[in-house]
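Below is one structure, written out as structure tokens; comments come after it.
What follows draws every value from the coordinates through simple rules; no lab data is involved. These numbers were taken from a predicted model, which means no experiment stands behind them. Positions of Cβ are backbone-derived with ideal geometry, glycine not excepted, and every protein chain shown enters the neighbour counts.
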Amino acid sequence: MKIRELIEVLHCEVVCGTDFLDTEINFGFASDLMSDVLTLQQSNLLLLTGLSNLQSIRTAEMADIKCIMLVRDKHPSEEMIELANDNDIVILRYSSSMFKACGILYNAGLKPVY
Amino acid sequence: MSGTILTYHVDGGDFSNAGNASSNIKKYLKQLNVDPQIIKRIVVALYEAEVNIVAHAFEGDITATLSPTDISIVLADKGPGIKDIGLAMTEGYSTASQKVREMGFGAGMGLPNIKRNVDEMNIETAVGKGTTLTLKVFFVPKS
């Protein structure tokens, strides 16, 4: 699934990274715990998180994750957007819960990591 | 890349800059065309270790030495040290503060995950003085 397709499915907002919406995403992983994200082998995944701080972007950078969705109506800081832009990372915003986002994306065909 | 040494200073508690050293080393390794999977292993381990300094120590220094075949990274901090390394290596054990947990860390996954991602790891620690973590990753996976 391309990032632009999951945006259409969820009707979520693109915060930054509009040049990379044709990136292919196969897996979804939902966590507020970055230590768990750093244990994953897969890279072509969407990270759904309610953790809206610099460490979520840093974690994505280190784990080669190209797309982060902030759930529960969280807003990223300017520093987060700047860091994401520096690393070609797409940030999406979703106003509803992580549970709802996961359910819709799972039904749309996004696979779990394990 | 032979003999290249990269050094960084890390301040304890400075979460806004946590990951700067790891980010810089990642960019350097990409310029050297190191295998992306190997880079990911190196920087995931390094980032966990860098966050450990920010989370637990007063300050620390990171020194990365690159040879044609591998990268060796020494993370030496001044801090409380580790009372029980066996416990610290156990998944789920953590002494992290609430602030560290709010940053998405402190679940007791750090050291075990570092060990999984590197080829060699050594910890020297003295309670009340600090901890020195030494990591090594080869650029070509050992068969």
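In this structure the amide hydrogen of A:Met69, modeled in the peptide plane, comes within under 5 Å of the amide hydrogens of A:Leu47, A:Leu48, A:Thr49, A:Leu92, none closer than 5 places in sequence on its chain. What is segment B:90-143 by shape, rounded, prolate or oblate, if you read a ≥ b ≥ c off the alpha carbon gyration tensor as root eigenvalues and call it rounded for a/c under 1.5, prolate for a/b larger than b/c, and oblate otherwise? Since a/c reaches 1.5 but b/c is at least a/b, the shape of segment B:90-143 is classed as oblate. For B:Glu59, nonlocal amide neighbours, meaning residues 5 or more places apart or on other chains whose placed amide H falls under 5 Å from its own, are B:Gly12, B:Lys78.
Annotation: amide H-H contacts under 5 Å for A:Cys16 (H modelled 1.01 Å from N, sequence separation of 5 or more, or interchain): A:Ile91.
When the alpha carbon gyration tensor of segment A:1-113 is reduced to an equivalent ellipsoid, the three semi-axes, largest first, read 18, 15, 14 Å. Inter-part distance, segment B:9-53 to segment A:1-46, computed on C-alpha centroids, equals 22 Å. Shown in residue order for segment B:97-106 are the 3J(HN,Hα) couplings computed by the Karplus curve 6.51 cos²θ - 1.76 cosθ + 1.60 at θ = phi - 60°: 7, 4, 4, 5, 5, 5, 8, x, 10, x Hz (x for Gly and Pro). Span-like helix check, chain B: qualifying full DSSP H segments, with Cα axial length of 18 Å or more and mean Kyte-Doolittle of 0.0 or more, are B:36-56.
Taking R0 as 51 Å, what's the FRET efficiency between B:Leu6 and A:Asp22 from their Cβ-Cβ distance, rounded to 0.05?
Working: r = 35 Å, r/R0 = 0.68.
My answer for the efficiency is 0.90.
Remark: mean inter-chain Cβ contacts per residue of B:19-27 equal 3, using a 10 Å Cβ-Cβ cutoff to other protein chain atoms. Rounded to the nearest 500, the helix-only mean residue ellipticity at 222 nm of chain B stands at -10500 deg cm²/dmol, with each DSSP H run of n ≥ 4 adding -39,500 (n - 2.57). For chain A, the mean residue ellipticity at 222 nm estimated from helices alone is -9500 deg cm²/dmol, where every DSSP H run of n ≥ 4 contributes -39500 (n - 2.57) and the total is divided by all residues, rounded to the nearest 500.
Place a +1 charge on the Cβ of each Lys and Arg in the protein assembly as shown and a -1 charge on the Cβ of each Asp and Glu, then give the dipole magnitude about the Cα centre in debye, rounded to the nearest 20.
Numbers: 23 positive and 31 negative charges, 104 e Å.
Dipole about the Cα centre, nearest 20: 500 debye.
Computed from phi, the 3J(HN,Hα) profile of segment A:29-41 under the Karplus parametrisation 6.51, -1.76, 1.60 (θ = phi - 60°) reads 9, 10, 6, 9, 9, 5, 4, 5, 4, 6, 8, 7, 8 Hz, with x in place of Gly and Pro.
Here the dipole of chain B is about 280 debye; that uses its Cα centre as origin and unit charges on the Cβ of Lys and Arg (positive) and Asp and Glu (negative). Hull volume per residue, based on the alpha-carbon atoms of chain B and their convex hull, is 101 Å³.
For the protein assembly as shown, the calculated P(r), taken from all Cα-Cα distances in 5 Å bins from zero up to the bin holding the longest distance, is 1, 6, 14, 18, 19, 15, 13, 8, 5, 2, 0 percent.
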